[in-house]
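Asks: Questions regarding the structure given below will be posed in turn.
The values are calculated or read from the model by the stated rules, or taken from the named source; none is laboratory data. None of the values given here were measured: they were computed from a predicted structure. Neighbour counts run over all protein chains shown; Cβ positions are idealised from the backbone, glycine included.
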Amino acid sequence: MRQLASISLLANLCALEVAHGGASFPATLEVDLIFPRMNETYPRVYPFPVVFAIQGALAAWPHEFSFSWDVFDSDRTSHVSGMLPDFSKDGNDSSSSTAEPWTKGDLPEGNDPLYVIAGIDLFALSSSANFSMTWSALFRRNCTADGVETATGGTKPDIIGSVQWTISDDAPELSIVPVDKSCPRPEDTMTRTDNTLGLAGAAEGDPTCIVLDDANLRPKPDPCAVRASPELASRVTQSMLATSRCTGVSWPDDKVVGRCEINSSDDDDDDSGSSRPGPAATAVAIGVFSFLVGFASLAVSSGAF
C-alpha cells in the first residue's frame with residue numbers, strides 16, 4: 001500500500017477475511033499460460049486453442065479487473081483478439097464494440113482458478129509459419145485503503161506476457177498436456193513484468209477499487225497449481241468442437257478447416273439444427289470463452305484437476 005492514512009486503517013485492512021463471493025485477502029492474482037508454449041511447433045489445426053489459467057480470479061473479479069490477449073502472424077498482416085470479460089449481447093463475440101472491458105459483481109460460477117479457453121482460426125486466414133501472442137491483465141483503478149486513487153494511465157501495475165511458436169505440417173500431434181507433464185513456465189513468457197499481483201483488499205467506501213499489497217506486490221507464483229491435465233485437455237476439446245459448430249467429427253480433424261454451417265428448418269435461434277464437417281462459407285476469427293454462463297457445461301471449476 002502506498003500511503004495508508006492511519007495504523008487503524010491498516011489494521012482494518014489486514015483483518016479483512018471475506019469479500020464478495022467468499023474471497024479472502026490478502027490474495028494473489030496470477031496469470032499462467034497453459035497453451036501454446038514458448039518456442040514449440042504445432043500442426044495447423046482448426047480451431048487452434050489458447051488456454052490461460054487465472055488464479056485469484058475470485059478476489060479480483062468484483063474490483064473492475066480486465067484481461068485481454070492478441071495473436072499475430074509473423075508479418076502482422078492478420079491477428080485475432082480476445083477479452084475477458086465479454087458481457088456483449090453477442091456473448092462470445094470478443095470483437096463486439098459493446099463488450100464491457102471490466103469485471104463486476106461476483107465471479108460467474110465461482111470458478112477459481114478460472115480457465116480461459118478460446119478457439120481461433122487465424123491459421124485459416126494466414127499462411128505464415130510463425131506466430132506470437134501478447135496478453136495483459138490489470139485493474140481499472142487501484143486505491144489506498146482509505147479510497148484515494150493512486151496510479152493512473154500507463155503507470156498502473158499490471159501483468160504483461162508474450163509467447164511465440166511455429167506452425168508446421170510435420171509437427172507432432174497437438175497435445176494440451178506437455179509430454180513431460182511439466183508445469184507452466186512463466187519465466188519463459190514474461191516480457192517486462194512478473195505474472196502475479198498481490199491484492200490487499202478493497203478501498204474503504206469504494207469497494208470496486210482494489211488495494212494492491214505494496215509490501216508484497218509480486219508474490220512468488222505457483223504455476224504447478226494449474227498444471228495441464230487430461231481433464232483440462234478434454235474440456236479444451238469440447239470447447240474447440242463448440243467453436244467449430246461441427247458434429248460427427250473429432251478434434252483436431254483434418255476435414256475441418258473452418259466453422260461448420262448449421263442446417264435447420266427452423267429459425268436462426270433454434271439450436272436443434274445439425275452441422276456438417278467442412279468450412280462455413282466465410283471463415284471468421286472467433287474466440288469462445290468456456291467460463292461464460294452460456295458455456296457453463298464447459299467451465300473448469302476449482303479443484304477439478
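Asks: Asn92 is checked against (1) modelled with pLDDT of 85 or more; (2) polar (S, T, N, Q); (3) under 15 Å from the mean Cα position of the chain (by Cα); (4) over 30 Å from Gly201 (Cβ atoms) and fails just one. What number does that condition carry?
Replies: (1)
Asks: Could you check segment 223-265 and list, in sequence order, the residues that are surrounded by fewer than 21 Cβ atoms within 10 Å (Cβ to Cβ), of a type in the set (D, E, K, R) and in a helix (DSSP H, G or I)?
Replies: Glu231
Asks: If I filter segment 1-51 down to residues being hydrophobic (A, V, I, L, M, F, W, C), outside any strand (DSSP E or B) and modelled with pLDDT of 50 or more, which single residue comes out as nearest to the chain's Cα centre (by Cα)?
Replies: Met38
Asks: Checking Ser162 against (1) free of Cβ contacts under 8 Å to residues at least 40 places away in the same chain; (2) among the polar types (S, T, N, Q); (3) farther than 26 Å from Pro49 by Cα: exactly one of these is not met. Which one?
Replies: Among (1) free of Cβ contacts under 8 Å to residues at least 40 places away in the same chain; (2) among the polar types (S, T, N, Q); (3) farther than 26 Å from Pro49 by Cα, the lone unmet condition for Ser162 is (3).
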